[in-house]
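What follows is a short report on a single structure.
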Amino acid sequence: ISVCVFKIMLRTPTLTHLLLVQTVRVLPHNRTNLDRSISSNMKFPFAASVLSLLSATTAFTLKPSFLRTTQHRAIHSTASTLRMSDDTYDYDLVVIGGGSGGVRASRIASGYGAKVILLEPQLKHGAPNYSAIGGTCVNVGCVPKKLMVFAGRYPGDIAEAKGYGWEGASPGQFNWKTFMEYKNAEITRLNNVYSNFVLKNAGVEVMEGFGSLNGAHAVDVKKSDGTETTLSAKNVVVAVGGWPFKPDIPGIEHTITSNEIFYLEEQPKRIVCVGGGFIACEFASIMDGLGSEVTLMYRGELFLRGFDMDMRTHLKEEMERNTKIDIQFNTDPQEIVKNDDGTLTVVTRDGNKVECDAVMYATGRKGKIENLGLESAGVETKNSFIPVDDYSQTNVDNIYAVGDITDRIALTPVALMEGHRLADNLFGGQDRKVDHEYVASTVFTNPEIGTVGYTEEDAA
């Protein structure tokens, strides 16, 4: 059996690497104690067999440095060799951006033994960057949005309580400030989890600062304390995410986006949501549920382009039947006027006017490529995004990009997949292309929409 195992190991170096990592982790990390380790670890018979073979074979000599290092982290995996970090550079991997894709790539890479540092301009949520450690999803996306979704559904749930035998139930009075206090506390908790547990426990170094390329193998960092430093990197991952897009029309400076709405001091009693994507539809439903007067303006014939037509039509009918949302299709704002009393007036291209307290734009997102120094390394861009291949590689061999900045599919699970597979390829000796086929997505309107695979129209 030992001979067979040995032959397999000779022919499959990647498997050998994984066996080595797991075996050495359970043994004392001292070369002189190797024989003693074998005999004292007979409760791990397979591990003992592996080490017996290795200790007797010159082709797999274990150096003390290897044994010491594996106590703290795994080693690099390559097609034919076992090696440690490349001392030519400060880091094997510098990740610019601490969102879903960046965090996943850095954590998995560190698990393979890479020396990794993650750069994030802001470790706590809120202005001016809003998207702090954890990315858009944690700070100004999925997590706080779902909290608002839950809050907005209580009145409807309570209204149904009588039909289940609960008498006297009433929704009470929604307190925006109280909700925001609890929301902020939860996001702060998650920021700490990412910094102090997810990344720290994985062996990833975290630096609070803005990173920009200075050539292909150097990253300049402007730290939050005002100091600056330059890091050399064998590989760089750009994972800075996206930013809400707003059109250039008069008065656009008076509007908010999905960033600022999570930090308004007071609940707008009247709000206009502009856009026809899932963000605009979701916040129209949310604010309606919380008691605001909502107007949804979309320049097209029907919202949620790209989803099944029957779903889009059904949602429109449900919103018209069961909500107070004023849905205005074929409507495009031309100007936002700020009135003397602080309220706003939305003037449409048709000349109609809608008075409100807030205007939220959800008309798409752009990549945050400004000031990244991409030109210094020759990284190609398209509009505001970074094109990549199926391995998330840019046109520069050692520079990669994952997540929303690549303009593929802007969803958290997709960014996680991209970051994970990138780390597997770079440091795990694997060959894993990204997979963007049959990606599930959900729209948290009321009712919700969930879909995966082809639309009916595409399937036809």
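The values are calculated or read from the model by the stated rules, or taken from the named source; none is laboratory data. Given the structure is predicted, the values throughout are model-derived calculations rather than measurements. Ideal geometry is used to build each Cβ from the backbone, glycine not excepted, and the neighbour counts take in all protein chains shown. Note: accessible area is taken over every heavy atom of the protein model, side chains too, but ligands, DNA and RNA are not part of it. Shrake-Rupley method; radii C 1.70, N 1.55, O 1.52, S 1.80 Å.
Please compute one quarter of the surface area of the Cα convex hull for the range 92-206 and express it in square nanometres.
Values: hull surface 35.6 nm².
Dividing the Cα hull surface by four gives the mean projection, 8.9 nm².
Sparsely packed loop sites in the range 111-214 (the chymotrypsin sites (Phe, Trp or Tyr not before Pro) outside DSSP H, G, I, E and B with at most 16 other Cβ atoms within 10 Å) comprise TRP166, PHE174. Using R0 = 22 Å, the C-beta based FRET efficiency linking THR451 and ARG153 works out to 0.60.
What is the distance, in nm, between label points placed 7 Å from the Cα along the Cα-to-Cβ direction at SER224 and at LYS269? Going by the 7 Å Cα→Cβ label model, 3.8 nm.
For the pair PHE174 and ARG299, what calculated FRET efficiency results from E = 1/(1 + (r/R0)^6), where r is the Cβ-Cβ distance and R0 = 35 Å, to the nearest 0.05?
Values: r = 31 Å, r/R0 = 0.89.
That gives a FRET efficiency of 0.65.
Might you work out the accessible area of LYS177 for me, using a 1.4 Å probe with all protein chains in place, and round it to the nearest 10 Å²? Result for LYS177: roughly 120 Å² accessible.
Loop-located GluC sites (Glu not before Pro) across the range 339-439 with a Cβ neighbour count of 13 or fewer within 10 Å are GLU370, GLU380, GLU437, with loop assigned by DSSP. Pairs exceeding 18 Å between alpha-carbon atoms, taken from LYS234/LYS433; LYS145/LYS200; LYS177/LYS324; LYS115/LYS200: LYS234/LYS433; LYS145/LYS200; LYS177/LYS324.
Evaluate E = 1/(1 + (r/R0)^6) for ASN395 and ASN196, where r is the Cβ-Cβ distance and R0 equals 35 Å; express this FRET efficiency to the nearest 0.05.
On the way: r = 36 Å, r/R0 = 1.04.
Efficiency, from the Cβ-Cβ distance: 0.45.
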